[in-house]
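The values are calculated or read from the model by the stated rules, or taken from the named source; none is laboratory data. Here the structure is a predicted model, which is why all the values come from computation and not from measurement. Backbone-built Cβ (ideal geometry, glycine too); neighbour counts: all protein chains shown.
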Protein chains: 4
Amino acid sequence: MPGNSFGQFFKVTTWGESHGKALGVIIDGCPPGLALDEKDLSPEIDRRRPRGKTATKRREEDKPEILSGVFEGKTTGTPISIVIWNKNVRSHDYSKIKNVYRPGHADHTYQAKYGIRDYRGGGRSSGRETVTRVIAGAIAKKILTKKRCKIISEVLLMGEAPRGDSSGGIVEVTVKNPPSGLGEPVFDKLDSDLCKAIISIGAVKGVEVGAGFEVAEMYGSENNDEYEMRGGRVRTRTNNAGGILGGISNGENIVIRFAVKPPASIEKKQRTVSLRGGRREISVKGRHDSNITPRVLPVAESMVAITLVDHLLRQKAYDKL
Amino acid sequence: MPGNSFGQFFKVTTWGESHGKALGVIIDGCPPGLALDEKDLSPEIDRRRPRGKTATKRREEDKPEILSGVFEGKTTGTPISIVIWNKNVRSHDYSKIKNVYRPGHADHTYQAKYGIRDYRGGGRSSGRETVTRVIAGAIAKKILTKKRCKIISEVLLMGEAPRGDSSGGIVEVTVKNPPSGLGEPVFDKLDSDLCKAIISIGAVKGVEVGAGFEVAEMYGSENNDEYEMRGGRVRTRTNNAGGILGGISNGENIVIRFAVKPPASIEKKQRTVSLRGGRREISVKGRHDSNITPRVLPVAESMVAITLVDHLLRQKAYDKL
Amino acid sequence: MPGNSFGQFFKVTTWGESHGKALGVIIDGCPPGLALDEKDLSPEIDRRRPRGKTATKRREEDKPEILSGVFEGKTTGTPISIVIWNKNVRSHDYSKIKNVYRPGHADHTYQAKYGIRDYRGGGRSSGRETVTRVIAGAIAKKILTKKRCKIISEVLLMGEAPRGDSSGGIVEVTVKNPPSGLGEPVFDKLDSDLCKAIISIGAVKGVEVGAGFEVAEMYGSENNDEYEMRGGRVRTRTNNAGGILGGISNGENIVIRFAVKPPASIEKKQRTVSLRGGRREISVKGRHDSNITPRVLPVAESMVAITLVDHLLRQKAYDKL
Amino acid sequence: MPGNSFGQFFKVTTWGESHGKALGVIIDGCPPGLALDEKDLSPEIDRRRPRGKTATKRREEDKPEILSGVFEGKTTGTPISIVIWNKNVRSHDYSKIKNVYRPGHADHTYQAKYGIRDYRGGGRSSGRETVTRVIAGAIAKKILTKKRCKIISEVLLMGEAPRGDSSGGIVEVTVKNPPSGLGEPVFDKLDSDLCKAIISIGAVKGVEVGAGFEVAEMYGSENNDEYEMRGGRVRTRTNNAGGILGGISNGENIVIRFAVKPPASIEKKQRTVSLRGGRREISVKGRHDSNITPRVLPVAESMVAITLVDHLLRQKAYDKL
């Protein structure tokens, strides 16, 4: 079974390569009647754009174009197809890496799995693919906003690197006022699907919920969140659970942290092999970010938003039959 | 969509409550012709059994019974149904918790989501559910063994707790000689599905692959795994990627670590509320583990094995058409 | 991907062979709070039991046992596991057909596909498997009854056969007062899923909706159902569409007809081959129905009920966000 | 769960409305290494084009554009996105039907289900949607050709209609030299999925396999296909089963027939109601086919091809582990 769709109900299917004609996304299962316009998408796309001193000098001008599923400014319940055209493509930058595996990249595994790969800019494995996630996420966020739910994120740790090298970081995403009752035990628990969503972002190597790895050194009496009544609802006094118990959201803020690895493309020389198995040294030149942590924020928020909307619809199906 | 199935091809569906008549699992999609017997399952079930000083005194005698899908000692390609009867059930132990939410447990979220819950021993949210995962995992491991792939695990950190309290730990799972080419970008990456699998185990609050959270403080030149030819294959000199690049296994050992929280059931008094919202204090007595980290090992190995076999079959579908 | 599950939301997974220990069904996604008891299931199981002069003399006493998902008489939202034990099994009846393919049966295709088969009584391909569909259908019907929707069926044509031979028939299923708005274009249309459900019953070789095959000889002006207002709702004056337009139910009665083939097990001698390819003649003796058309009624109603409840839940997910 | 995807492995997702900017299809799960070019798609698209005296005068010039998943003339295993731009759109033709339900069309059910609809030319429910199925089908056929499997179809019955009215027909699809062993009992049987595929085509109201509805009047001794050895393989002497037994292909030709209804758009006056419930008469003018039976051939072949490739990949996953 192919792996380019995410979600059961708010089903997001992405396509496109870094240096192909275009990238795009189909959202099948967006509820009808939602006001939607290209202008709703651009601010999120802009947040993902490279900026600051660690960012690539490459300018990305990504104007989304809605091709279906919206009529007279509203979603119709039919699939929403949105495309982004690749304009700023410089294929010749990538001719040198055609026959050699870049360390830390997916060149080798794609070649091994598929027997063929679009080597231009990483093809399908490029971080550029995440722009389509951000588009779907912008729509998901619109739906969550109607539920007064808001997703924010921040960089907790931002590494620094000497020139010619790269660095990583740590990000925290918080869902404020999430719907409660979301999550489908025992396998599609909300935390399971959120962690899957986050780890599916290329650069992420670890993820934790609430107190996360710290629980390993806590006592049960410290880690358990005691209950109290507050504002007429059952609330927890602490939030070590990160808003999810038994795989189901309890209405407290959902808190997720994850680690972002340093970008694999570095100018510093590294040892590698060619497709034919010969020894090589490689220095990846070009317009690359030396740290992508800040750019991951809107991508992570988007994956969280998509997951939440998907589970919101899943839960709705069973509500008050 | 309900959440009690895991996997697309090697599809595992579990059912049953802690104090119901039985628990069970259906494996739909096990390849035909595999030798299979109840005796193949028992050793793995035994590994999950409580033992040592941190374990519950409750004796669990779990004899699996194969009800379908096996004929004359071999799988037939039809669904394999396996049941475990609940014998050692003492429902009266749980009458006190019927009307009160135990901190750290799923009592409250199940009640909020479903409007009803089997409160005896946690019902469906009980750790007892994992016995069915271990059964499916034992079958998955048999398939992996044919591919000379082996899964091991160890406790890296084991907390200690004063009497009446509980503690957590950290576990590492290693897949030795995994098949390469497994994983379906961009959402069903192998690491995404492995992390989902691990986080779906009730007590797990964080998970990482390879160098994991440490990547946040590494340079790209440190984190990237350089390539070399070894034994006639493309190999990496280091394994910070934990055997997975771009969401696809590269043939190096797959390494996953995760944090196990301290069990929520503790004798120490905690504040909570009743179903009607009244203030309560609770002390959870009974035969409970004070640290379940060692018992999680076979469960985690099982989830990893199920995920790998599922992806093995998924990849096979596309191989050499 | 294995094929023993039906439905996305009201997800029915069946298992078991004709002459194995038991057969069973898991219903994952049954809404919580539904009153459910073994007694709800028995009347439907009884309707499927052989009776009359065309029926097998074999007595089937099928007592369903609910193993999970029900607590204090109500569904809890967790998977409902129900088992039927095979008691009346006479394996020696089937030893003669171990090495020969019975014409019209699935012996040959199962052997070819899986390389192994449980030859006792047809194993998984036996009509006995449908008892588990009827159990799931009984639960689905309980849900539809709450919506004041009722499913009935009748035999339109019942063939007769000389002694030693068998005959077929035609059945019509009508859904009275179905919910409108069910069906998910463009592939999971309600009629698509209903026809899939019906054809998945072993003996069915053709299916039609509303005017069915007759539309081929009608004019558009005859076939189109004109609209009028009736009882304050948009209604059609005729119902050639069989209650479904554009793949979505319009609230009129849903009407489906299908053809049932004559049972393949006949005493009359037929030519066939052995597993090794030798020529054989076969006469299938034993307690077999000579016409199963009446026994298919509850099975067909069950498949229709399951499909409707599944689509009811699917539609509910998008309703009034 | 939304319904715009078909297939588990060779997964086809379509999008687009009749009078929107474009229509398109994503094929996720096409095996890598397949030669593919826009020129492979055009002949099939042309076969679907209106022609002859029963066809609309509207010229459709549908040039497919491949946007992803193909590199240097070969598929890469990543999602293939193909778009068709709507050029010949005359929206003003449809302003009259904005507020009235056309009999036989999906206007009313779409409005009832979604609360909103793109009324221009039927929007998503238009037959124009099938062009995207034909594109996916053309790729599926390329794969089947490698297996020496060929799909043909013919019109068995073609109705005639007086001016201002429309007529239907009957079509037969034959799969020559199909792979054996395809189909996943007990629900995803090959005939179940083929019938679902065929019924999902808007105009189809009935479908049958092999002897189809005639089995209702046959004896078992007539309907059973006797076995013999031929060309070193187990073959049937007749093919009443239509190439499928127990839901699994047996290698004989697969034969499917289905009924096509007369197009709903007719000039002849019909009674209907407006969105507000007022009585109306309607005469649907414009460039419409009076019989679409011949145009359905490539669409039906495409759905059969997609279903077969999907099951081919599903079966491959379990083959010789």
*Could you please find all residues in the range D:31-46 being crowded, with 17+ Cβ neighbours inside 10 Å and either within 19 Å of the chain's Cα centre (by Cα) or modelled with pLDDT under 95 (or both)?*
D:Asp40, D:Leu41, D:Glu44, D:Ile45
_Suppose we filter the range C:201-237 for residues that are within 25 Å of C:Val155 (Cβ to Cβ) and assigned to a loop (DSSP other than H, G, I, E, B); how many remain?_
5
*asked:* Given the criteria surrounded by fewer than 22 Cβ atoms within 10 Å (Cβ to Cβ) and of a type in the set (S, T, N, Q), does B:Ser81 qualify?
replied: no
_Residue under evaluation A:Thr14, criteria (1) among the hydroxyl-bearing types (Ser, Thr, Tyr); (2) away from chain B (no Cβ under 14 Å); (3) within 22 Å of A:Asp188 (Cβ to Cβ), criterion not met_ = (2)
*For the range A:288-311, state whether one or more residues are over 30 Å from B:Gly277 (Cα atoms), more than 9 Å from chain B (Cβ to nearest Cβ) and over 18 Å from the mean Cα position of the chain (by Cα).*
yes
*Unmet requirement for B:Arg120, which otherwise passes all of (1) facing chain A (nearest Cβ under 7 Å); (2) in contact with a Phe, Trp or Tyr (Cβ under 6 Å, 6 or more places away or on another chain); (3) of a type in the set (D, E, K, R)*: (1)
*Taking interchain pairs and intrachain pairs at least six residues apart, which have beta carbon atoms under 6 angstrom, with the first residue in the range A:43-57 and farther than 11 Å from A:Val134 by Cα and outside any helix (DSSP H, G or I) and the second at pLDDT below 70 and among the hydroxyl-bearing types (Ser, Thr, Tyr)?*
A:Pro50/A:Thr56
*Of the residues A:Ala264, A:Ala300, which single one is touching a Phe, Trp or Tyr at 6+ places or on another chain (Cβ under 9 Å) and surrounded by 24 or more Cβ atoms within 10 Å (Cβ to Cβ)?*
A:Ala300
*Looking at A:Ile151, A:Ile170, which is the one that is part of a strand (DSSP E or B), farther than 30 Å from A:Leu36 by Cα, at pLDDT 95 or above and of a type outside the set (S, T, N, Q)?*
A:Ile170
*Among the listed residues B:Arg276, B:Arg237, which satisfies the condition of being more than 8 Å from every other protein chain (Cβ to nearest Cβ) and basic (Lys, Arg)?*
B:Arg276
_Selected residue (only one of D:Arg102, D:Arg133 is facing chain C (nearest Cβ under 9 Å), surrounded by fewer than 22 Cβ atoms within 10 Å (Cβ to Cβ), at pLDDT 95 or above and under 24 Å from C:Ser249 (Cα atoms))_ = D:Arg102
*asked:* I need a count of the residues in the range A:266-320 that are of a type in the set (Ser, Thr, Tyr) and more than 23 Å from A:Leu156 (Cα to Cα).
replied: 4
*Quick check, is A:Ile198 surrounded by fewer than 22 Cβ atoms within 10 Å (Cβ to Cβ), more than 27 Å from D:Pro32 (Cβ to Cβ), in contact (Cβ under 8 Å) with a residue 24 or more places away in the chain and out of contact with any Lys or Arg (no Cβ under 8 Å at 6 or more places or on another chain)?*
no
_Cβ contacts < 7 Å: first residue more than 7 Å from every other protein chain (Cβ to nearest Cβ), restricted to the range C:202-222; second residue at pLDDT 95 or above and part of a strand (DSSP E or B), any location; separation 6+ or different chain. Result?_
C:Ala203/C:Val260; C:Val204/C:Phe258; C:Val204/C:Ala259; C:Val204/C:Val260
*How many of the residues making up the range D:92-133 are farther than 13 Å from D:Ile282 by Cβ, among the charged types (D, E, K, R) and not in a loop (DSSP other than H, G, I, E, B)?*
7
*In the range A:240-256, which residues are within 10 Å of chain B (Cβ to nearest Cβ) and surrounded by fewer than 24 Cβ atoms within 10 Å (Cβ to Cβ)?*
A:Asn240, A:Gly251
*Test A:Gly127 against the stated conditions and say whether it is out of contact with any Leu (no Cβ under 9 Å at 6 or more places or on another chain), away from chain B (no Cβ under 13 Å) and not hydroxyl-bearing (Ser, Thr, Tyr).*
no
*Having 3 or more residues that are among the hydrophobic types (A, V, I, L, M, F, W, C) and modelled with pLDDT of 95 or more is the bar; report the strands (runs of 3 or more DSSP E) wholly within the range A:238-321 that clear it.*
A:254-260
*Restricting to the range D:59-78, what's the tally of residues that are buried (at least 16 other Cβ atoms within 10 Å of the Cβ) and at pLDDT below 95?*
2
*In this structure, does C:Ser274 turn out to be in contact (Cβ under 8 Å) with a residue 12 or more places away in the chain and within 26 Å of the chain's Cα centre (by Cα)?*
no
*Every residue from the range B:167-185 that is within 8 Å of chain A (Cβ to nearest Cβ) and hydroxyl-bearing (Ser, Thr, Tyr)*: B:Ser167, B:Ser180
_Quick check on the range A:136-160: of everything there that is within 14 Å of chain B (Cβ to nearest Cβ) and crowded, with 21+ Cβ neighbours inside 10 Å, which residue is farthest from B:Phe213 (Cα to Cα)?_
A:Ala136
